[in-house]
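These notes concern the structure reproduced below.
Computed from the coordinates by the stated procedures, all read-outs in this text should not be read as laboratory data. All figures in this text were calculated on a predicted structure; none of them were measured in a lab. Positions of Cβ are backbone-derived with ideal geometry, glycine not excepted, and every protein chain shown enters the neighbour counts.
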Amino acid sequence: MAASLPELLDQVRELLRQKRYSLRTEEAYTYWIRGFIRFHERRHPRELGKEEVERFLDFLASERSVSASTQNQAKAALRFFYKEVLGIELPGLGDVGQATRPKKLPLVLTRDETAQVLARLEGTHQLIGKLLYGSGLRLLEACRLRVRDVDFAQRQILVRGGKGLKDRVTMLAEKLVLPLSRHLEGVKALHEQDLAEGYGAVYLPFALEREYPAGEREWGWQYVFPAVHRSNATHTDGSRRHHVGEQGVQRAVRQAVRSANLAKPVTPHTLRHSFATHLLQDGYDIRTVQELMGHKDVKTTMIYTHVLNGGPRAVISPFDRLG
């Protein structure tokens, strides 16, 4: 083939970084492109076209039973690959066996259940959990939060490059100001220790690493929730301190739910759902909640009104009206 698989994937990574896609998107896109090429027995992608792409996507839906969102991600990756790397348009893709997206309401905790779960978390995991519920952050948004984006004076948090690479501003709960301030004192001491040992750099988003080389060691760019140990970043040189991992928070929440004896499939994202629902219960208008959640379409936010309506619980059974 004209270019090896590693060379093609390197081109994909370079273009994704130029276009300011997130590291997570980069990992996902290269995963699906690699899978597509291997599915077609390593034939060069220029020898393949719309029919082969549809066959791969149909395989994902029918044989791998992936979710609709996963199949759409694979489709987006291949469209990007063909258009941006190979310069080939893939029109249509309408004959793909579409994975079904189940329609379901989000799981929401009561205020008492929320308090029980948060009380059973500890340390950094508890502080992250409180931010998910108190500010409506997604888990990855909380893990990636930078010091400079926490505005104690204005009681707000700037979420940079959230879902869809969009920035938004959300609230910082008054009750979190003191514990978060104290947490950052410890983080700053850790950062100063790293600097003294010749380290202290973090990964800067997008092209800032080239444009602002001194920024990687500045206090404002450090992660609010740094990892315990330094490590070699995925596509940078040298040992750096990355942010805390999502899996540790997920495990801690599962343990807290078990400890609280809640028979619900609660995840960290449940705390974000509960944030939105409880705001609506408190009488805040749906547009405000949409803005705080960072939803592109108000229809996404409106799903929480269905939770508020109570479903069958809001209807009185005729049996209960019998004398």
With a point put 7 Å past each Cα toward its Cβ, work out how far residue 166 is from residue 17 in nm, to one decimal. 2.8
Compactness relative to 2.2 N^0.38 Å, alpha carbon Rg of the range 117-168: 1.16
Protection proxy ranking, peptides 282-289, 110-117, average beta carbon neighbours within 10 Å, highest first: 110-117, 282-289
Label point distance in nm, residue 52-residue 112, each placed 7 Å from Cα along Cα→Cβ: 6.1
Given pairs 19/188; 19/130; 175/299; 188/264; 19/175; 19/296 and cut-off 27 Å on Cα-Cα distance, the over-length ones are 19/188; 19/130; 175/299; 188/264; 19/175
Once the Cα gyration tensor of the range 5-85 is diagonalised, semi-axes √(5λ) in Å: 20, 16, 10
Counting Lys and Arg as +1 and Asp and Glu as -1, what is the net charge of the other residues whose Cβ lies under 14 Å from the Cβ of residue 151? +2
So how far apart, in nm, are the two label points at residue 67 and residue 178 if each is 7 Å from Cα heading toward Cβ? 3.9
Using a cut-off of 11 Å between beta-carbons, work out the net charge of the residues near residue 91 (Lys and Arg +1, Asp and Glu -1, residue 91 not included). +2
